[in-house]
Protein chains: 4
Amino acid sequence: MQNIRTDLAVEAHEMSKKEAKNTSEIEGVASEFEERNGISVTTVKILNENGSKILGKACGTYVTIEAPDLKYNTETYEKVCKIMADEIQKMADITSDSVTLVAGLGNRDITPDALGTSVVSRLIVTNHIKTHLSHLLDKNMSGVCAIAPGVLGTTGIETADIITAITNKIKPQLIIAVDALAAADINRISTTIQIADTGIQPGAGVGNNREGLNEKTTGVKVIAIGVPTVIDAATISKIEIPEELAPLMVTTKDIDLIIERTSKTVADGINMALHKGITLHDIECFVG
Amino acid sequence: MQNIRTDLAVEAHEMSKKEAKNTSEIEGVASEFEERNGISVTTVKILNENGSKILGKACGTYVTIEAPDLKYNTETYEKVCKIMADEIQKMADITSDSVTLVAGLGNRDITPDALGTSVVSRLIVTNHIKTHLSHLLDKNMSGVCAIAPGVLGTTGIETADIITAITNKIKPQLIIAVDALAAADINRISTTIQIADTGIQPGAGVGNNREGLNEKTTGVKVIAIGVPTVIDAATISKIEIPEELAPLMVTTKDIDLIIERTSKTVADGINMALHKGITLHDIECFVG
Amino acid sequence: MQNIRTDLAVEAHEMSKKEAKNTSEIEGVASEFEERNGISVTTVKILNENGSKILGKACGTYVTIEAPDLKYNTETYEKVCKIMADEIQKMADITSDSVTLVAGLGNRDITPDALGTSVVSRLIVTNHIKTHLSHLLDKNMSGVCAIAPGVLGTTGIETADIITAITNKIKPQLIIAVDALAAADINRISTTIQIADTGIQPGAGVGNNREGLNEKTTGVKVIAIGVPTVIDAATISKIEIPEELAPLMVTTKDIDLIIERTSKTVADGINMALHKGITLHDIECFVG
Amino acid sequence: MQNIRTDLAVEAHEMSKKEAKNTSEIEGVASEFEERNGISVTTVKILNENGSKILGKACGTYVTIEAPDLKYNTETYEKVCKIMADEIQKMADITSDSVTLVAGLGNRDITPDALGTSVVSRLIVTNHIKTHLSHLLDKNMSGVCAIAPGVLGTTGIETADIITAITNKIKPQLIIAVDALAAADINRISTTIQIADTGIQPGAGVGNNREGLNEKTTGVKVIAIGVPTVIDAATISKIEIPEELAPLMVTTKDIDLIIERTSKTVADGINMALHKGITLHDIECFVG
């Protein structure tokens, strides 16, 4: 299909519709837009093989939250956390007995790729406390484990293999995989969050997750959460770019700040989804 | 003149010639290209007001070193250090009695802006040793001070004011100001070093150096050394970019690595210029 | 006097009284203890040359705030900020027209020495806004500049010279110098804050401030604020320590966390002192 | 046995001999001292249950390399790397077909605990290249994987469980576990390297490795490599320390530098052990 690289279903959908030169829906895809509390939420459902082939994404549900002022507006941050928590809870049945493994993908030493590792460092991790000191925890808090497995180039091991191995050992009911994404539109950097119940497919994502990280490879439902942090240079300069530039990924100058702010938002959305009834103020006291 | 933003005289020169639709030289500008040891060195001299106006840069000499494989090739790094040392020594008369103040401009917390602060952390600083323990130093080493003054937004003080104040106090014969630059061509990120005997003019540069940092403001010759680390998004997508994108600065995904490698090169070029006879191996032992 | 190294007047006072084997006050020293809102506040005043000689500290007022649970108790943090603001305001007349230069001393690359640089990165800096855009600021906010001058070993310039030079240029009415301190008692690490109206004397302090940073050297009142982050190994093992160990400075394993928490406290105490009426929540929104 | 905390067999041995007030060897322990190329190498072998009980360490071989000037002497660094490589190769049969999993234990956000994570970031990782692109590698290079699993408090998972799970998946022939250690003598910080063929026992080590990481728990030989970075405050002040101080771990002020230098040494010793014939210059080119 399109040869402009994007990890966002919502962008793939737009481009496919444009390419098909029709305004009616693509067969095998359903989409819905709503505004919640001033924040745009678009849900794209890929329903069958045809939809999957045309959009170049696995079948499943992709929720996109768009909030242009997320980077600096505290109220927007609070609203987005709430929407994230709701959507995660819709995709997975989380009870106080659940154990969830959150995997922060990507390379912590490359700023635009550090979203996942930054998110896991802000989670309220409870699995070990529930095992040994459960009376110390509020009973609404579920079991949370969090790892930052690294990338193939620095570990020598496929990321999916590390997560599958740990999953086999600790037997969570759910995996949440967080990763930086590539978008086609530079305006999406830091303003868009995608939550998908499909996990990560082979070859997708900025990181080296070639084997895929999904229910098929791990045996457990995988929710993938991502925020665009890079775009293809090929994408931004839509014409006449020299060959050698094509694969170059670019990001914005304020990427350090963006990773800090968006990882806080994503982490707190996950914290609220997994620990029912917790407030952002509670999280502040736990995580610092 | 051109409304594509660049801090590189060599790019301003190219664009001006293209705009003038002639291949002959612009009046008031002289340029010279040579290959030294396999490395391209272009010298642009702006000779008068006309050249200055057309190129949008102060009168003076701008040496541009281009080395596409600087990021990963150790031999290129060594050659570039040598060329830098030679060019700095051509611009300033450095003896073992000289005192030079090196100022690393920019914001250390924004990766693409951290070139200057990273360079000063790799310099062989000797001024205090020469003052108190000069017998411990090789007699070819000159006096070097190094500061990272910060940026207006975090200090509340104009950078030029900080450097001028310190200059008045310690009375160096030379200032070298190192800063990250903006280029028009994304291929120049990390591959180009510009050395100019003009200092930094009001309003130029990525940092907030609105007052300028030059012989006029400081009373001392100022050599400005920079490496492009960002480009305007407006530049990369040459057409039909929406207004709101125009001022956005973009950089490449591997900017962390680029800052590490290029700051080492720039620092060692300065170290070799200021400490005659020192080798890269000596520097390794001093700086670690 | 005592050969156990301490930067705290309150410790020097205790040791001197113990050495003098009397419980009455040392001639030339007055001290006062009070508990405010559950926090211990001790004020030691060195009144004359005799007191100065016996305690080994300059004449002036040293306020010590002690809060053993500062590291993890949010309420303690809030109380300590308030006490700090009150004490700073007692020592200096701060109005909305004041300009204060805050200097964060020490080496940012040595964790136990990074208190000062960490504090300045959390200040609400306003001087440039007051100069150019004063209508944007609440009228209770005073002018604040902040610099992290580095240490002699990395700049080649005496820290006092850098600060004096900048002081001559921007003409603040007050300097606040923040630095990590050495204490005699390991229990004081991260639990004690000293505020002194004496500035920093030649040779004192962990940093290399050999020339002193005080009203005499700068022409402006200097308030010195410090938190103990290291102790002499000689101090901790009170007897029979081998010679070669004597100058070794030790710190606690959780020093990274300590620097983070105490620098937030010190910064916010200064923010509240300089910007009257500002709340901790306001600061959070400004500084992030 | 002794209630002074040490992870070093060589210290436990000394203290046990002192306590036993005899100079003859403890039954069940054999030790040997030699100087190699100017570097002290002590081998303590715990041969049976009696030796194990008295020294409080598992049966096996503990090699201690002592090099007081390791922190700043380049020649010492080179010699120590060579000795490390030799000792690792004595403990394990490494061929070009071997696969080794190196685990960097500890918490990267606590400087004195970051030795392990710092070491793995400097390794030449080859497992993925051998699998897919083996013709690109020199045939003497063995397969190396490297992970930094995190600590129980931040992952919610026992470290030994993570490593065992990954071991079951990728089936290495050898595990090398690197961790920061606690010593009794402050002079050992940064100057001593311990290599043991016993793995890590339940409860030992600075990190939270309560389940042990050894051949019994993983099914694979585990070589443990550590460097002391902390001591008990109780240890340093040999007498009359108040109860509440007892568990406090202290480190030296220059711990940032120590972690940088010693992690480079340990990493390069491992690199040389696993990639036969590689030189330190080769490593520099690989790792940068």
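The values are calculated or read from the model by the stated rules, or taken from the named source; none is laboratory data. Small disclaimer: the values here were computed from a predicted structure and weren't measured. A quick note on method: Cβ atoms are made from the backbone with ideal geometry, for glycine too, and the neighbour counts reach across all protein chains shown. Just the protein is used for accessible areas: all its heavy atoms, side chains included, with ligands, DNA and RNA removed. Shrake-Rupley method; radii C 1.70, N 1.55, O 1.52, S 1.80 Å.
Of the residues making up the stretch A:83-106, just one is crowded, with 18+ Cβ neighbours inside 10 Å and among the hydroxyl-bearing types (Ser, Thr, Tyr), namely A:THR100.
In the stretch A:1-57, the qualifying residues are those that are open to solvent by 20 Å² or more (accessible area, probe 1.4 Å) and of a type in the set (A, V, I, L, M, F, W, C), and the one that is farthest from A:ILE186 (Cα to Cα) is A:LEU47.
Looking across the stretch A:65-82, the residues that are away from every other protein chain (no Cβ under 14 Å) and open to solvent by less than 60 Å² (accessible area, probe 1.4 Å) come down to A:ILE65, A:GLU66, A:ALA67, A:VAL80, A:CYS81. Pairs meeting the criteria (first residue in the stretch A:247-265 and at the interface with chain B (Cβ under 8 Å from one of its Cβ atoms), second residue aliphatic (A, V, I, L, M) and assigned to a helix (DSSP H, G or I), beta carbons under 6 Å, at least 6 apart or on different chains) are A:LEU248/A:ALA233; A:VAL250/A:ALA233. Filtering the stretch C:249-265 to residues that are touching a strand residue (DSSP E or B) at 6+ places or on another chain (Cβ under 6 Å), farther than 29 Å from C:ILE94 by Cα and buried (at least 23 other Cβ atoms within 10 Å of the Cβ) leaves C:VAL250, C:THR251, C:LYS253. Within the stretch C:55-64, can one find any residue that is more than 26 Å from B:GLY156 (Cα to Cα), without any contact (Cβ under 8 Å) to a residue 40 or more places away in the chain, in contact with a strand residue (DSSP E or B) (Cβ under 6 Å, 6 or more places away or on another chain) and not aromatic (Phe, Trp, Tyr)? There is no residue in the stretch C:55-64 that is more than 26 Å from B:GLY156 (Cα to Cα), without any contact (Cβ under 8 Å) to a residue 40 or more places away in the chain, in contact with a strand residue (DSSP E or B) (Cβ under 6 Å, 6 or more places away or on another chain) and not aromatic (Phe, Trp, Tyr). Kindly evaluate D:TYR62 against the criterion of being among the aromatic types (Phe, Trp, Tyr) and surrounded by 14 or more Cβ atoms within 10 Å (Cβ to Cβ). Answer is yes for this residue. In this structure, is C:LEU213 under 30 Å from B:VAL287 (Cα atoms), open to solvent by 10 Å² or more (accessible area, probe 1.4 Å) and either away from chain B (no Cβ under 14 Å) or in contact (Cβ under 8 Å) with a residue 60 or more places away in the chain (or both)? The answer is no for C:LEU213.
Say we look at the stretch B:107-117 and pick out the residues that are within 13 Å of the chain's Cα centre (by Cα) and not acidic (Asp, Glu); which of these is surrounded by the most Cβ atoms within 10 Å (Cβ to Cβ)? Taking the candidates together, the pick is B:GLY116. If you scan the stretch D:98-120, which residues turn out to be of a type outside the set (Ser, Thr, Tyr), in a helix (DSSP H, G or I) and within 11 Å of another protein chain (Cβ to nearest Cβ)? If the condition is that a residue be of a type outside the set (Ser, Thr, Tyr), in a helix (DSSP H, G or I) and within 11 Å of another protein chain (Cβ to nearest Cβ), then D:PRO112, D:ASP113, D:VAL120 are the ones that fit. Restricting attention to the stretch B:121-147, the residues that are part of a loop (DSSP other than H, G, I, E, B), closer than 21 Å to B:ILE176 by Cα and at pLDDT below 95 add up to 1. Taking the stated definitions as given, is B:ASP179 closer than 17 Å to B:ASP113 by Cα and open to solvent by less than 40 Å² (accessible area, probe 1.4 Å)? Spelling it out, B:ASP179 is indeed closer than 17 Å to B:ASP113 by Cα and open to solvent by less than 40 Å² (accessible area, probe 1.4 Å). Please verify whether C:GLY226 is modelled with pLDDT of 95 or more, open to solvent by less than 40 Å² (accessible area, probe 1.4 Å) and under 25 Å from C:ARG108 (Cα atoms), treating the condition exactly as stated. So C:GLY226 fits the description; yes. Given the options A:ILE241, A:ILE270, A:ILE170, A:ILE259, name the one that is β-branched (Val, Ile, Thr) and at pLDDT below 95. Sole residue among the options that is β-branched (Val, Ile, Thr) and at pLDDT below 95: A:ILE241.
I'd like the residue in the stretch A:122-173 that is within 7 Å of chain D (Cβ to nearest Cβ) and touching a residue at least 60 places away in the same chain (Cβ under 8 Å) and, out of all such residues, is surrounded by the fewest Cβ atoms within 10 Å (Cβ to Cβ). Out of the qualifying residues, it is A:ILE170. As a summary of the residue check, B:THR6 satisfies the conditions (1) without any contact (Cβ under 8 Å) to a residue 60 or more places away in the chain; (2) assigned to a loop (DSSP other than H, G, I, E, B) except for the one numbered (1). Taking the criterion of being surrounded by fewer than 20 Cβ atoms within 10 Å (Cβ to Cβ), of a type in the set (D, E, K, R) and in contact (Cβ under 8 Å) with a residue 40 or more places away in the chain, the only residue of the stretch D:266-288 that qualifies is D:LYS276.
So, A:GLY203, is that one surrounded by fewer than 20 Cβ atoms within 10 Å (Cβ to Cβ) and either within 16 Å of the chain's Cα centre (by Cα) or modelled with pLDDT of 95 or more (or both) or not? Answer is yes for this residue. Annotation: D:LYS221 fulfils all but one of (1) touching a strand residue (DSSP E or B) at 6+ places or on another chain (Cβ under 8 Å); (2) surrounded by fewer than 21 Cβ atoms within 10 Å (Cβ to Cβ); (3) modelled with pLDDT under 95; the unmet one is (3).
Here A:THR191 meets the list (1) more than 9 Å from chain D (Cβ to nearest Cβ); (2) open to solvent by less than 30 Å² (accessible area, probe 1.4 Å); (3) in contact with a Gly (Cβ under 6 Å, 6 or more places away or on another chain) almost entirely, failing just condition (3).
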